[in-house]
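Data block below; observations after.
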Amino acid sequence: MRNFTNVQDIGDLKGAVKEALEVKANRFAYQHLGRNRTLLMIFFNSSLRTRLSTQKAAMNLGMNTIVLDVNQGAWKLETERGVIMDGDKPEHLLEAIPVMGCYCDVIGVRAFARFENKEEDYNETIINQFIKYSGRPVFSMEAATRHPLQSFADLITIEEYKRCERPKVVLSWAPHPKSLPQAVPNSFAEWMNATDYDFVITHPKGYELAPQFVGKAKVEYDQRKAFEGADFIYAKNWSAYADPNYGKVLSTDRAWTVDSEKMGLTNNAFFMHCLPVRRNMIVTDDVIESPQSIVIPEAANREISAQVVLKRILESL
Ligand code: AN0
Ligand code: CP
């Protein structure tokens with residue numbers, strides 16, 4: 001594998017989960033792969049899990065890591081080509097990217113949707129420039145439209161916890177005060193659609209995701225109906241995708257908060273969320289603290305998804 005930005009890059013999902021479980025059982029077995037190899041992690045946005053789990057995965061593989069927070073201590077980067085750079089940004093991404101490539105063997109990039117221009121976001125302009133100009137394999141640590149390391153960890157977690165062959169998995173929108181990207185729900189939908197699970201998406205009107213991500217999923221506007229018989233509830237907020245409201249918060253209706261009464265409609269479902277989560281907006285304290293909440297094992301699997309991806313990239317060098 002050269003680059004990792006979406007579900008196609010990982011190939012056969014059954015094989016990928018099998019490899020993940022092998023890595024999880026024996027995570028220091030591949031230390032030779034990363035010897036004298038350097039991972040550079042570039043963050044345009046904040047992170048707790050991605051930063052720690054990816055660095056840990058690289059260490060498990062014997063790699064060295066360098067972490068750069070672009071907004072803390074680096075030169076402010078211009079990203080538009082053709083701009084007269086007489087403003088507050090001293091460096092252009094078009095020099096910065098190949099320079100970064102000089103100091104490492106693999107690059108991870110976190111660059112969220114900026115909500116300035118929908119086309120730029122959905123064309124993945126930032127991460128695609130890293131792929132084009134760095135000369136290195138590049139993997140997404142959440143880009144504008146997808147968060148594949150999260151979705152891979154989610155899939156591993158569902159495979160570990162499922163009690164039947166084809167579980168009912170429900171992606172539920174939930175309220176949040178700020179405008180959040182569609183990357184996590186897009187990506188989760190993309191990965192779930194690549195399985196044979198019974199996959200349902202529920203959200204208020206106006207929060208429809210892009211059709212290429214909804215795919216064959218069932219969309220149910222009645223959250224309570226969607227929850228009936230569910231084996232997994234995957235909660236997440238996202239901002240509107242459809243024009244003219246792209247990137248806007250249309251509702252903060254706490255009637256959509258996941259609470260124990262709604263969880264009671266499910267088939268004793270497990271509760272999942274990628275974290276960070278706002279308690280009593282997205283989910284009540286009692287649900288996230290309940291035995292059915294698997295948010296911590298889900299986060300733990302971020303180390304495993306990152307390690308499989310890095311392992312495959314290192315194997316291809
Ligand atoms: C980000 C998002 O929703 O994309 C990162 C989630 C992993 N969340 C926030 O910014 C709160
Ligand atoms: N789930 C996730 O990617 O978390 P961070 O934003 O903390 O990395």
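Each value in this text was obtained by applying a stated rule to the coordinates, not by laboratory testing. As the structure is a prediction and not an experimental result, all values here were calculated from the model. Note: ideal-geometry Cβ built from the backbone for every residue, glycine included; neighbour counts use all protein chains shown.
Before moving on, here are some points about what is shown:
- At most 11 other Cβ within 10 Å, DSSP loop - trypsin sites (Lys or Arg not before Pro), region 176-234: Lys178, Lys205, Lys216
- Residue-count net charge about Thr145 - beta-carbon cut-off 10 Å; Lys, Arg +1, Asp, Glu -1: -3
- Derived scalar couplings ³J(HN,Hα) [region 226-232; Karplus, 6.51 cos²θ - 1.76 cosθ + 1.60; whole Hz; x for Gly, Pro]: 4, 6, 4, x, 5, 9, 9
- In percent, rounded to a whole number, the relative contact order of the chain is 20, using alpha-carbon pairs under 8 Å and six or more apart.
- Compactness ratio for the chain: Cα radius of gyration over 2.2 N^0.38 Å (N = residue count) comes to 1.00.
- Eligible aspartates and glutamates near Lys216 by straight Cα distance, threshold 13 Å, same-chain separation 8 or greater: Glu190, Asp196, Asp198
- Over the chain, dividing the summed -39,500 (n - 2.57) contributions of all DSSP H runs of at least 4 residues by the number of residues returns a 222 nm mean residue ellipticity of -10500 deg cm²/dmol.
- P(r) weight above 20 Å for region 191-317, C-alpha pairs, percent: 53 percent
- Calculated P(r) of region 58-191 - Cα pairs past 17 Å, %: 69 percent
- Pairs from the list Lys24/Lys118; Lys24/Lys218; Lys162/Lys225; Lys168/Lys205; Lys132/Lys205 with a Cα-Cα gap above 31 Å: Lys24/Lys118; Lys24/Lys218; Lys132/Lys205.
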